Amino acid sequence: MGMLQELSYYLKSQSTSLPRYVLEQAVMTLLGGLPSIVGVGLRGIAYKALLKSEGLPLIEHSVRLLSPANIRLGKGVYLDSGVYLNALPGGISIGAGTNLMHGVIFHVFNYRGLPKAGITVGKNCFFGEYTCIRGQGGVRIGDGVYTGTQVNIAAVNHVFADPERFIKDQGITADGIVIEDDVWLGSNVTVVDGVTIGKGSIVGAGGVVTKSIPPYSIAVGVPAKVIGDRRDPEAVKRFNNAQVFFGELENLRK
Ligand SMILES: CC(C)(COP(=O)(O)OP(=O)(O)OC[C@H]1O[C@@H](n2cnc3c(N)ncnc32)[C@H](O)[C@@H]1OP(=O)(O)O)[C@@H](O)C(=O)NCCC(=O)NCCS
């Protein structure tokens with residue numbers, strides 16, 4: 001591959017056009033590292049010109065945005081420092097009031113013209129530190145979904161049918177993942193491609209979800225197995241006498 005071809009390929013992976021690339025890089029170089037509330041304020045105004053946002057987005061320093069023309073943010077979305085959004089074709093849409101904590105990565109990963117690629121997240125969700133979503137087959141997440149730290153949601157599998165060839169040369173499958181409203185995924189959960197996690201379900205820390213889970217399930221383990229139903233009073237009786245706390249931050253931002 002010649003140098004020009006290399007650069008043109010690189011550009012396609014970074015932005016939607018050359019003029020936009022120049023503008024995006026200029027704005028992010030100028031403002032991307034500014035600390036404090038001043039940085040958050042200036043980025044809120046300037047980045048609104050780079051992506052689609054309802055209201056001023058709250059963006060901390062050192063947030064990396066690729067192809068921001070394909071990013072849509074609802075009102076009051078918060079991006080903590082170190083967040084990386086790579087919105088190749090298919091795009092990323094994040095609903096109002098959703099928080100992405102430090103180091104969260106949403107990567108559409110659509111380098112192959114995948115028809116279902118993209119990442120859509122509903123309102124008032126929370127993604128714990130270093131959670132990573134790959135959207136090749138499409139990832140659709142409902143409202144009020146919470147993840148612990150380092151959760152992996154990967155809508156892709158490598159084909160490995162031919163043992164004589166490198167796996168990397170055998171292509172991928174990408175069916176998509178659906179996570180319905182009000183789901184809580186504990187820390188270090190992995191969700192594999194093709195799975196639907198039903199409304200109101202929880203998955204215990206470290207679980208690997210390889211099959212769809214019906215609504216209101218409590219699922220744990222590798223592979224994750226349903227061990228209870230949240231609608232069963234027996235399954236949740238430990239909360240009867242527990243001391244319960246509520247989030248101050250959420251209340252402040254209401
Ligand atoms: C899934 C979870 C909520 C279950 O809590 P619980 O209702 O109190 O359940 P219990 O502790 O009574 O456990 C029920 C059974 O599931 C097992 N279990 C619980 N959590 C498990 C997990 N993460 N992985 C595998 N098994 C688990 C228990 O060992 C127990 O098995 P047993 O009946 O054979 O003894 C909790 O264990 C968990 O994983 N929480 C996630 C914590 C987290 O990631 N926090 C990050 C902040 S968002």
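Every number here is computed from the coordinates shown, using simple stated rules; none is lab data. Because the structure is predicted, anything quoted here is derived from the model rather than measured. Methodologically, a virtual Cβ is constructed for each residue, glycine included, from the backbone with ideal geometry; neighbour enumeration extends over all protein chains shown.
Quick look at the values:
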| read-out | value |
| --- | --- |
| Highest-fluctuation residue, Tyr47, Tyr111, Tyr84 considered, GNM on the chain with Cα pairs under 10 Å | Tyr111 |
| Descending semi-axes in Å of region 26-66, equivalent ellipsoid built from Cα gyration tensor | 14, 12, 8 |
| Debye log10 I(q)/I(0) at q = 0.28 Å⁻¹ for region 75-123, Cα point scatterers | -1.03 |
| Computed Kirkwood radius, in angstrom, where 1/r is averaged over Cα pairs of region 30-108 | 12.1 Å |
| Ranked list, fewest to most other Cβ atoms within 10 Å of each Cβ, for Thr29, Thr149, Thr131 | Thr29, Thr149, Thr131 |
| Within the chain, helix-based [θ] at 222 nm, where runs of 4 or more DSSP H residues each add -39,500 (n - 2.57), nearest 500 | -5000 deg cm²/dmol |
| Exposure proxy ranking, count of Cβ atoms within 10 Å, fewest first, for Leu185, Leu114, Leu85 | Leu114, Leu85, Leu185 |
| Rounded to 5, percent antiparallel among DSSP beta bridges of the chain | 10 percent |
| Hz values of 3J(HN,Hα) by residue in region 190-202 - Karplus curve (6.51, -1.76, 1.60), Gly and Pro given as x | 10, 10, 8, 5, x, 9, 10, 9, x, 3, x, 7, 10 |
| FRET efficiency, Asp232 to Glu54 (Cβ-Cβ, R0 51 Å, nearest 0.05) | 0.85 |
| Dmax and Rg, reported as Rg then Dmax, of region 3-228 (C-alpha, Å) | 18.0, 58 |
| Under 5 Å, built H, 5+ apart or other chain: amide partners of Val195 | Val178 |
| Candidate lysines for bridging to Lys225, where Cα separation is under 29 Å - those fewer than 8 sequence places away on the same chain excluded | Lys116, Lys123, Lys199, Lys211, Lys237 |
| Whole-number D in µm²/s for region 130-205 (Stokes-Einstein; Kirkwood sum over Cα pairs; 25 °C, 0.890 mPa s) | 188 µm²/s |
| Percentage relative contact order, region 1-118, counting C-alpha pairs under 8 Å, at least six apart | 18 percent |
| Gain in span if fully extended, Leu23 to Asp175, counting 0.36 nm per residue against the direct Cα distance | 51.3 nm |
| Gyration tensor (Cα) of region 71-196, equivalent ellipsoid semi-axes in angstrom | 26, 15, 13 |
| Contact order relative to length of region 3-228, as percent, for alpha carbon pairs under 8 angstrom and 6 or more apart | 10 percent |
| Nearest-0.05 FRET efficiency for Lys75 and Lys12, computed from C-beta distance (R0 41 Å) | 0.85 |
| In sequence order, calculated HN-Hα J values of region 174-186 (Karplus, 6.51, -1.76, 1.60; Hz; x Gly/Pro) | 8, 8, x, 10, 10, 10, 7, 3, 6, 9, 10, 9, x |
| Backbone HN-Hα couplings from phi across region 231-237 [Karplus 6.51/-1.76/1.60, Hz, Gly and Pro as x] | 7, 8, x, 4, 6, 10, 5 |
